[in-house]
Amino acid sequence: MSQTVVEEVQAPAVPKKKEQRTSGRWLRRAPLLPALLFTVLVTQIPFLMTVFYSFQSWNLVRPGSRHFVGLRNYVDVFADSQFRGALLNTVVLTVVCVLVSMLLGLGLAILLDRKFTGRGVVRTLLITPFLILPAAGALLWKTTMFDPTYGLLNFVFGGDTDWLAEYPLAAVMTQVIWQWTPFMMLLILAGLQAQSKEVLEAAAVDGAGRWRTFLSITLPQLARYLQLAGLLGAIYIVNSFDAIFLMTQGGPGTASTNLPYYIYQRAFEGFDIGQSSAMGVVVVILTLIVANFALRLMFRTFGLSEVR
């Protein structure tokens with residue numbers, strides 16, 4: 001009899017604890033609600049309007065031409081040879097910049113992981129390119145490095161090569177690599193400094209050389225940091241606009257045009273709101289696919305199974 005009374009008294013405690021946990025979660029999240037509402041207003045509502053316009057045929061130079069066309073804009077986008085060329089340039093730009101900046105960042109991180117006089121100063125100087133605004137960095141390279149008359153490249157190598165006209169995409173990639181290498185370096189350096197010193201000392205005692213230690217111990221330790229650096233770098237580099245707009249304007253012709261710049265041309269130079277909106281939706285979907293892999297990797301890297 002007494003056991004039954006105890007069970008009846010303790011039974012309602014379970015849902016009460018659940019309610020307390022639920023209310024506690026909402027109390028912790030309440031300060032974030034204004035930021036969430038602001039984010040929705042400035043990102044999601046414009047995106048929904050972009051999706052709406054992508055189903056319309058609307059050119060600003062033809063008043064009254066706006067009408068519903070369904071998926072025709074998307075069909076025209078994938079049938080556009082310039083769009084496919086811009087997509088190819090975007091893939092090449094992203095892959096090359098991520099790989100080269102990652103390799104350079106790895107080399108610099110290994111050097112900075114060693115102790116030497118003035119390491120703090122050198123580290124600060126190497127980080128500086130990442131702290132410069134992308135527009136300022138693009139103008140810096142355009143005027144001081146690639147200028148055919150006064151550029152440092154022609155001064156060092158001789159000649160009067162117009163780098164931006166003859167090698168436009170390579171010039172843009174050089175500037176992007178210069179700016180993103182410090183980001184890769186910082187992430188990889190964090191991975192190097194997270195290594196267990198005892199394991200490295202044990203490998204040295206066992207007679208393992210530097211190259212063997214790097215391949216067998218350091219590189220596996222850095223694998224998740226390299227993956228994270230590559231995915232985060234790809235998310236940002238795929239949306240590069242400043243360097244192309246300020247250095248080459250997508251030219252000569254469309255040699256250095258990527259997707260963000262091509263969308264800008266169609267929207268603000270061609271005034272074609274319908275097709276530019278469809279292109280924007282396609283780019284957002286592609287970016288979300290990459291971002292999804294990046295978020296999954298971040299959760300796995302830091303040991304998070306789910307977001308609570």
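Please treat every number below as a calculation from the coordinates, not as lab data. Predicted, not measured: the structure shown is a model, and the values here were computed from it. Reconstructed Cβ throughout: ideal geometry from the backbone, glycine too, with neighbour counts over all protein chains shown.
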Estimated FRET transfer efficiency when R0 is 22 angstrom, pair Thr143-Gln249 (beta carbons, to 0.05): 0.90
Efficiency of FRET between Leu60 and Ala135 - r from beta-carbon atoms, R0 22 angstrom, step 0.05: 0.25
At R0 = 25 Å, FRET efficiency that the Cβ-Cβ distance of Thr43 and Gln221 yields, to 0.05: 0.10
Using θ = phi - 60° and Karplus 6.51 cos²θ - 1.76 cosθ + 1.60, couplings along segment 105-118 (whole Hz; Gly, Pro as x): x, 5, x, 5, 5, 5, 5, 6, 6, 8, 8, 7, 5, x
Placed amide H near Gly251: partners under 5 Å, 5+ positions off or other chain: Ser256
Shape call, the chain: gyration tensor on alpha carbons, a/c limit 1.5: oblate
Protection proxy ranking of 152-159, 255-262 - average other beta-carbon atoms within 10 Å, highest first: 255-262, 152-159
For Gln82, net neighbour charge (Lys/Arg +1, Asp/Glu -1) across residues whose Cβ lies under 15 Å away: -2
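Would you please put 227-233, 112-118 in order of how densely packed they are, using the mean number of other Cβ atoms within 10 angstrom per residue and starting with the highest?
227-233, 112-118
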Convex hull volume per residue for segment 137-246, taking Cα atoms only, in Å³: 130 Å³
Local electrostatic count at Lys115 - Lys and Arg +1, Asp and Glu -1, tallied over other residues with Cβ under 15 Å: +3
Computed label-point distance, nm, for sites Leu152 and Phe214 using a 7 Å Cα→Cβ extension: 2.7 nm
Relative contact order of the chain, pairs being alpha-carbon contacts under 8 Å that are 6 or more residues apart, as %: 27 percent
